[in-house]
Amino acid sequence: MSHDQQLFVPADFAVPRTLVADGFRLEPLGAEHNERDLAAWTGSIAHIRATPGFVGRGWPPVEGMSAEANRADLGRHAREFEERVAFAYSLLEGDPDGGGDVIGCLYVHPSREDPARVAVSHWVRSDRAALDARVHEQVTRWLREVWPFDAGRIDYAPR
């Protein structure tokens, strides 16, 4: 198997579907988050574009996008998750049994510059900016303790 054909995570790795942490929880990003996700990022475009990992990326689009286009984007993320090629999570507040406001997103995927490296980024809504450092700290611990990545391969901009 060539390097290009290698799996992002080992075939026998059980990809975590959640993280319940202090002040937030994660669940795989999907179309069911569409309305809450769209509201979260469209109300925080400038803040997200200034967030480490998003500076200079051109996302989110300053002109926004339609609910249908956002749903399609979430569907793509959900397919990538199921195909195990990239993992996008909705960052939620509230009860782990469901619901809760979308307060951001987390992305774990192969680096575009070097697929042997792991690129991790997250954003939070501008009105939840105080959570940013806590999310980074707890996700860093989760990646180290649960995921199969060597810590030296992970690129996750500090907050």
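The values are calculated or read from the model by the stated rules, or taken from the named source; none is laboratory data. Every value quoted in this text rests on a predicted model; they were computed, and no experiment measured them. Cβ: placed from backbone, ideal geometry, glycine included. Neighbour counts: every protein chain shown. The accessibility values were calculated without ligands, DNA or RNA, using every heavy atom of the protein model including side chains. Shrake-Rupley method; radii C 1.70, N 1.55, O 1.52, S 1.80 Å.
A few points about this structure:
- Residue check for R153: modelled with pLDDT under 95, under 24 Å from R49 (Cβ atoms) and open to solvent by 60 Å² or more (accessible area, probe 1.4 Å): no
- Residues in region 35-69 that are open to solvent by 20 Å² or more (accessible area, probe 1.4 Å), touching a residue at least 40 places away in the same chain (Cβ under 8 Å) and not basic (K, R): A39, G43, A46, H47, P52, G53.
- Given (1) out of contact with any Lys or Arg (no Cβ under 7 Å at 6 or more places or on another chain); (2) outside any helix (DSSP H, G or I); (3) closer than 30 Å to A130 by Cβ, number of the condition D12 does not satisfy: (3)
- Qualifying residue in region 49-72 (condition: small (G, A, S), part of a loop (DSSP other than H, G, I, E, B), closer than 21 Å to F149 by Cβ and within 16 Å of the chain's Cα centre (by Cα)): yes
- Restricting attention to region 70-126, the residues being in contact with a Pro (Cβ under 9 Å, 6 or more places away or on another chain) and either among the polar types (S, T, N, Q) or loosely packed, with under 13 Cβ neighbours inside 10 Å (or both) number 4.
- Lone qualifier among R17, R36 - being assigned to a loop (DSSP other than H, G, I, E, B) and closer than 25 Å to G94 by Cα: R17
- Condition met for R141 (surrounded by fewer than 16 Cβ atoms within 10 Å (Cβ to Cβ), in contact with a strand residue (DSSP E or B) (Cβ under 6 Å, 6 or more places away or on another chain) and either on the phi > 0 side of the Ramachandran plot or of a type in the set (K, R) (or both)): no
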